[in-house]
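Structure record follows, encoded as structure tokens.
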Amino acid sequence: MILYTLHEKSYIDIGQLDSLEDVHVYVNLTNRCPCACTFCLRQTKEMLESNTLWLDKEPTVDEVIKEFQKYDLDDFAEVVFCGFGEPLQRVDDVIQIAGILKLYRQDLPIRVNTNGLANLIHQRDVAPDMKGRIDTISISLNAPDAKEYLALTRSRFGIESFDAMLAFARACLSYVPHVVLTVVDIIGEEKIKKCQSICDELGVTLRVRPFEE
Ligand code: SF4
């Protein structure tokens, strides 16, 4: 499933919807991710095998564009790069696809949901690539400090991941109109307050998401 959306609490291919008006279209590009978050659905084998978002093969840029060509971009409320892995593993492809979509509809809002570790993955600063292509970058902050972040995400980059994620958020401020850090509400009020201070210091928005089992 390459282009999907959330419908009645499950994921469905947008081709199965009766109407595409105001739909938020998610682009599923990869299963790869440098993290193994304790709460991630990728952690259970049954989930991997049964989940409709699991990709047997990553779609090429051409295949993704062909999927989009089946629809009228004017109908969409937003396009979001987000799947069963880390979309910025394929940063060049994300940027290329976003650029093509913007050619067809300049005001189409485009968001990337990311773990914010792209600079570690690619060993270069990818934030400038977002300019003019990505309108919102939503980065999982997860926790108020490096130790807790690592315990939750089990990032293969180790303890430096937290600071790298924050540095990426800061860098994105120069290139992306909306930079958002997210946490889930189950971390509790005290930690949410600390996360809010981190966001205030960075000058970005904190979004507290409800935890869904
Ligand atoms: S960063 Fe996202 S995709 Fe990767 S393991 Fe964590 S929750 Fe799953």
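The values are calculated or read from the model by the stated rules, or taken from the named source; none is laboratory data. A quick note: this is a predicted structure, and the numbers were derived from the prediction, not measured. Every residue, glycine as well, gets a Cβ built from its backbone with ideal geometry; the counts of neighbours run over all protein chains shown.
Of all residues in the range 102-127, those satisfying the criterion of being touching a Pro at 6+ places or on another chain (Cβ under 9 Å) and in a loop (DSSP other than H, G, I, E, B) are ASN115, LEU117.
Taking every residue in the range 154-181 that is within 17 Å of CYS195 (Cβ to Cβ) and pairing it with any residue that is basic (Lys, Arg) and surrounded by fewer than 17 Cβ atoms within 10 Å (Cβ to Cβ), at least 6 positions away or on another chain, the pairs with Cβ-Cβ distances below 8 Å are VAL180/ARG207; LEU181/ARG207. Residue count for the range 82-122, restricted to those that are hydrophobic (A, V, I, L, M, F, W, C) and closer than 17 Å to PRO177 by Cβ: 7.
Would the range 73-92 turn up any residue that is more than 16 Å from the ligand (Cβ to nearest atom) and within 30 Å of ILE159 (Cβ to Cβ)? Give the derivation first.
In the first step, residues of the range 73-92 are kept if they are more than 16 Å from the ligand (Cβ to nearest atom); the result is 73-79, 92.
From what is left, the residues that are within 30 Å of ILE159 (Cβ to Cβ) are 92.
The answer is yes; a qualifying residue exists.
PRO128 satisfies every condition listed in (1) exposed (fewer than 14 other Cβ atoms within 10 Å of the Cβ); (2) closer than 16 Å to CYS35 by Cα; (3) not hydroxyl-bearing (Ser, Thr, Tyr) except (2).
Could we say that SER161 is within 16 Å of the ligand (Cβ to nearest atom), under 23 Å from PRO34 (Cα atoms) and outside any strand (DSSP E or B) here? Give the derivation first.
Working: within 16 Å of the ligand (Cβ to nearest atom): yes; under 23 Å from PRO34 (Cα atoms): yes; outside any strand (DSSP E or B): yes.
Here the answer is yes, as SER161 does meet what is asked.
On the stretch given as the range 164-188, residues that are in a helix (DSSP H, G or I) and modelled with pLDDT under 95 total 3. Considered as a group, the residues in the range 22-43 that are surrounded by fewer than 19 Cβ atoms within 10 Å (Cβ to Cβ) and closer than 18 Å to THR5 by Cβ include one that is farthest from the ligand (Cβ to nearest atom), and that residue is ASP22. Taking first residues from the range 23-52 that are closer than 15 Å to TYR11 by Cα and partners that are modelled with pLDDT under 75 and within 12 Å of the ligand (Cβ to nearest atom), the Cβ contacts under 6 Å between residues at least 6 apart in sequence or on separate chains come to LEU41/MET47.
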